[in-house]
Amino acid sequence: MTIYQMKFHQNKSTSLTIADAKKEAKRISEYFKTPSKSQERWQGVKKWILVSNIAFASNDDKLKWNKDIKTLFTKLALEIS
């Protein structure tokens with residue numbers, strides 16, 4: 001199963017997208033740990049896709065995403081894009 005999440009920012013800074021993903025990784029981690037409706041919803045999820053109005057134009061941004069964010073989601077056993 002795949003979860004899609006959308007984020008929009010007036011200020012088109014990639015740091016905002018990275019911050020969004022970090023916050024969501026923390027929330028998702030709690031969903032997996034804590035019995036609740038959210039935990040039930042996340043059972044079977046294998047992929048998380050963030051849809052945003054912010055494009056990663058530079059290689060530095062892409063490297064930071066891969067280093068910081070993919071690592072967080074790998075620990076949660078989730079594929080991301």
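The values are calculated or read from the model by the stated rules, or taken from the named source; none is laboratory data. The model shown is predicted, which means the values in this text are computed figures rather than measured ones. Cβ: placed from backbone, ideal geometry, glycine included. Neighbour counts: every protein chain shown.
Points worth noting:
- Answer residue from segment 19-44, given it is touching a Leu at 6+ places or on another chain (Cβ under 7 Å) and aliphatic (A, V, I, L, M) and is modelled with the lowest pLDDT among those: Ile28
- Residue pairs whose Cβ atoms lie under 9 Å apart, separated by 6 or more positions or on different chains, with the first residue in segment 1-14 and farther than 19 Å from Ala57 by Cα and hydrophobic (A, V, I, L, M, F, W, C) and the second part of a strand (DSSP E or B) and at pLDDT 90 or above, are Met1/Lys47; Ile3/Lys47; Ile3/Trp48; Ile3/Ile49.
- Residue match in segment 47-54 (condition: free of Cβ contacts under 8 Å to residues at least 40 places away in the same chain and at negative phi): no
- Among the residues making up segment 32-50, those that are of a type outside the set (Gly, Ala, Ser) and more than 13 Å from Phe73 (Cβ to Cβ) are Lys33, Thr34, Pro35, Lys37, Gln39, Glu40, Arg41, Gln43.
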